[in-house]
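The values are calculated or read from the model by the stated rules, or taken from the named source; none is laboratory data. Predicted, not measured: the structure shown is a model, and the values here were computed from it. So basically every Cβ, Gly included, is an ideal-geometry build from the backbone, and we count neighbours across all protein chains shown. These accessible areas exclude ligands, DNA and RNA; they are computed on the full protein's heavy atoms, side chains included. Shrake-Rupley method; radii C 1.70, N 1.55, O 1.52, S 1.80 Å.
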Amino acid sequence: MKKIIILVITIFVFSSCKNEKELKVIEKPKPDSIEKLEIDCSGNPKVEKNQDDKLEAIEKENSEIIEQDEEYINKAAIEQNDSLIWLTVNMKRDHRIFGFEKPDVKSKRMILLSIFTKDVENNPFNCPYGAFYETSGMKNITLKFKENIGDFAKIEIQKENSKEVVYFEKKWLEFEQTE
């Protein structure tokens, strides 16, 4: 019985070796570039979102924070003497102020003042005048209150030798208090 088992194993080994030699080697094509996958903390690959999805996520997250913290909102101040607008960052208060092309929140966003890094860094909303944390960070740009129009304030953007107009929602502005 032992001899039969050894004979069967030997035949099996030789036959498998013979079949292995008959196999063709298929080379895998080499990629032109290496893709890197980011892995989240659970070990799953992160799915890259397109730009619109990213903006929508930023918009939703930061808008919700502002809506929840109404009592901790930082408003831009309008100076009494010259109507210039200024805003400084206050880490205990949030702000997110868009300047629109028209007095309509659905019109093109032209400028942004926000405390949120995702709003400001690399100007993700592509505001033509830029995205800033505070007015002191705006190089060669000054904001000046002109008049109220419904729920909006007409704001003049003074930039070097040009003057343009944007519209802020009035709820984000307050006149400076004199003592």
* Treat every Asp and Glu Cβ in the range 74-179 as -1 and every Lys and Arg Cβ as +1, leave all other atoms uncharged, and give the resulting dipole magnitude about the Cα centre to the nearest 20 debye. => 340 debye
* For the range 81-170, what is the accessible area per residue in Å² when the probe is 1.4 Å? -> 55 Å²
* Filtered chymotrypsin sites (Phe, Trp or Tyr not before Pro), the range 87-139: DSSP coil and at most 10 other beta carbons within 10 Å -> none
* What ³J(HN,Hα) values, in whole Hz, does the Karplus curve 6.51 cos²θ - 1.76 cosθ + 1.60 give for the range 170-176 when θ = phi - 60°, with x put for Gly and Pro? -> 4, 4, 9, 10, 8, 6, 4
